[in-house]
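Structure first, commentary second.
None of the figures in this text is laboratory data; all of them are computed from the coordinates on show. Everything quoted here is computed from the prediction, not taken from an experiment. With ideal geometry, Cβ positions are generated from the backbone for all residues, glycine too; neighbour counts draw on all protein chains shown.
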Protein chains: 2
Amino acid sequence: MKFTLEQTDTQTSARVGTLETDHGNIETPIFMPVGTVATVKGVHQHELKEDIKAQIILGNTYHLYLRPGTDILEKAGGLHKFNGWNKPILTDSGGFQVFSLAHRRKIKEEGATFASHIDGSKHLFTPEGVMDIQRKIGADIIMAFDECTPYPCDYRYAKRSMKMTHRWLKRCWDRFAETDPLYGYEQALFPIVQGSVYKDLRKQSAEEIASYDSLGNAIGGLSVGEPHEDMYEMTELVCDILPKEKPRYLMGVGTPANILECIALGIDMFDCVMPTRNARHGHLFTKNGVINIKNAKWKDDFSLIDADAPNPTSRFYTKAYLRHLFAAKELLGQQIASIHNLAFYLWLVGEAREQIKAGTFLAWKNDLVPKLSQRL
Amino acid sequence: MKFTLEQTDTQTSARVGTLETDHGNIETPIFMPVGTVATVKGVHQHELKEDIKAQIILGNTYHLYLRPGTDILEKAGGLHKFNGWNKPILTDSGGFQVFSLAHRRKIKEEGATFASHIDGSKHLFTPEGVMDIQRKIGADIIMAFDECTPYPCDYRYAKRSMKMTHRWLKRCWDRFAETDPLYGYEQALFPIVQGSVYKDLRKQSAEEIASYDSLGNAIGGLSVGEPHEDMYEMTELVCDILPKEKPRYLMGVGTPANILECIALGIDMFDCVMPTRNARHGHLFTKNGVINIKNAKWKDDFSLIDADAPNPTSRFYTKAYLRHLFAAKELLGQQIASIHNLAFYLWLVGEAREQIKAGTFLAWKNDLVPKLSQRL
């Protein structure tokens, strides 16, 4: 696996690169659709490829460990074989879900115990165990097991948690080094910077993470409720420390505007449930702002969902039809909206890439950002 | 619009024909996927065409009248324009839904009053009104407004209802004759035979319906809970009376075995919610029987959903993956299963057509029918 930094913007810290994996290349900056439980909700695998133009999708260790279970994934020959997605996959380590979704969680030096949100069964995630699970899931990129601190988080807790995350990282790294991929293709482990919204902690964490000989690095613990200014400040600070020649993945971010601003700060990879979750509630992202398709104003608007969209689905159905599907609570509404929003996110990062290459990124971003949050 | 009867089986009453409409040809025998509220639940329009190979889909007057409403459909330029399905559409008249789904219904000579199952609002459907609504919806084939009697139904009620359905038919026919299609393509009105499970009533009704100069005829009031033997007996009796040169549509039927048996009796067109409704509950139809994909036995069965299936979707995903999607209550499970079942139904009628043409229909049917209901 290899990352090539191809170009850096002269006016911002935005970058263009290519990440080569055994399941194909990823052109950065990139957005990764979230396929929590081995499926991007409501979207077929061929739609992800052909309509949305996804290059890599996310799976989630916590969810996959519970359902279908690690044994099933191992028998299947890994997640790619299981769900039929033969392009790159990244798995989140489960840290975020253990601390946000699971019940009765307890954190100790060994790891985190928790009760399944599905059936209450008890489980223990350790750094070593999470590496083993992610070997079995078989994503191309796997993540270190960390504690994702909530917001707000007091300084003492944030510091203690960060230090534990660093110790856990060492254990992840060692376990990863002493194990092999199970399915004949390479896996890369990305460490995660934590430190909440405290500059000195973020600096300390970024320096620790930068000391690892990893293929790429991630920034966690942002987009958890803090003001956007804090997100940008922490991202900028961390990007200044993380090595330039490695891809930087900002976990769980964000709105279209967040993504453009963080690309400008030097981020290469993003994931977020926002495009799919908002789609299921009828919120559509476009270049000109956000459409709440449930509004009565769309009921006889027979224009295409997005005549400018790069993808066929958004140029096939009309706003009035999609509004009807949501009003009638029809599955197809969520399907169409999910495809639309994901295709928009993939367009956004692809267009950012082109604008960086053309040297026009900053002006393009500054023109686009204010429009993105308009209510249509 | 024109129906050409191309071939009749020598061993059974099965037939091969082509129905030409302004939105394309329909090769009979045919199954029509049900798109109740302007969408076949969970299935994109291009999937209906390319994966399922649907030639005509159904819409429902009752549902479409309530949502999105006749005015919206008229403004859109008809249902084809509204939902983007540019092949033939048939609309059911709403009779079945008024008598099965609506609340506080009252039947009088004028028509049926009912309260919407959605918001309780009061409405009146008359034969003339239902013709006007179906002109505005703009399906290629529209159905007469009838009373679909329940099962069981006492003789006196069935007789009185049938006679009213006949009077309503005359009013439908007159209204249809004195109105024009709104969107520049032809519409055909199919009358409906009623009479419950009473032979003399079915005979009387079939004779009445046969007296109309319609393009095709329908048989209603079956598949409402009566034994299959009654369904077959009534179908045979009615098919003997209905003109041979016109297509015969058996409404709301049925299981794969029902469809083959009724093709053998001379039926050309079918619709049923069974493939999609059962799909949403994880029941998959195959040549070898029915799969309940929720069963734990499939959890590590990594064979394709149906390696013999004619359609790509059923040859892409595995049983274990589909089982997982149902276990995790993921939308994609219902989507895949719906496509699978509809593609199977379309394969079934398409293969029946080929077998009739080859003169091998009876043996093929007799071999297949016992397998279709096996539990896998």
- [ ] Write down the percent of antiparallel bridges among all DSSP beta bridges whose residues are both part of the protein assembly as shown, to the nearest 5.
- [x] 50 percent
Open item on the list: Distances in nm, one decimal, shortest first, from A:K106 to the same residue in every other copy, taking the label point 7 angstrom along Cα→Cβ.
Closed with: 6.8
Task: Cα-based shape type of segment A:191-268, given that a ≥ b ≥ c are square roots of the gyration tensor eigenvalues and the cut on a/c is 1.5 - done: oblate
TODO: Every other copy gets compared here: list the nm distances from the A:H117 label point (7 Å along Cα to Cβ) to its counterparts, shortest first, one decimal.
DONE: 3.3
Task: Loop trypsin sites (Lys or Arg not before Pro), segment A:82-117 (other Cβ atoms within 10 Å of the site Cβ: 16 or fewer; DSSP) - done: A:K108
Task: Farthest toward positive dipole pole in chain A [+1 Lys/Arg, -1 Asp/Glu at C-beta], among A:T276, A:I56, A:G129 - done: A:T276
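If you filter segment A:231-331 for GluC sites (Glu not before Pro), then keep DSSP loop positions with at most 12 other Cβ within 10 Å, what is left?
Details: sites: A:E233, A:E236, A:E245, A:E261, A:E330; in loops: A:E245, A:E330.
Answer by residue number: A:E245.
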Open item on the list: Give the average, rounded to an integer, of partner chain Cβ atoms located within 10 angstrom of each Cβ in B:312-320.
Closed with: 3
Task: Nm distances between copies for A:H46, ranked from closest, using label points 7 Å along Cα→Cβ - done: 1.0
TODO: For segment B:72-97 and segment A:182-211, write down the distance between their C-alpha centroids in whole Å.
DONE: 55 Å
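Within segment B:165-249, report the trypsin sites (Lys or Arg not before Pro) that DSSP leaves as loop and that have at most 16 other Cβ atoms within 10 Å. All intermediate terms of the calculation are to be shown ahead of the outcome.
Values: sites: B:R167, B:K170, B:R171, B:R175, B:K199, B:R202, B:K203, B:K244, B:R248; in loops: B:K244.
Here the sparse-neighbourhood loop sites are B:K244.
Would you tell me the mean number of C-beta atoms belonging to other protein chains that fall within 10 Å of each C-beta in B:322-334, as a whole number? Could you put the intermediate results ahead of the total?
Numbers: counts 0, 2, 12, 6, 0, 4, 10, 2, 9, 10, 12, 1, 2.
Per-residue shielding by partner chains comes out at 5.
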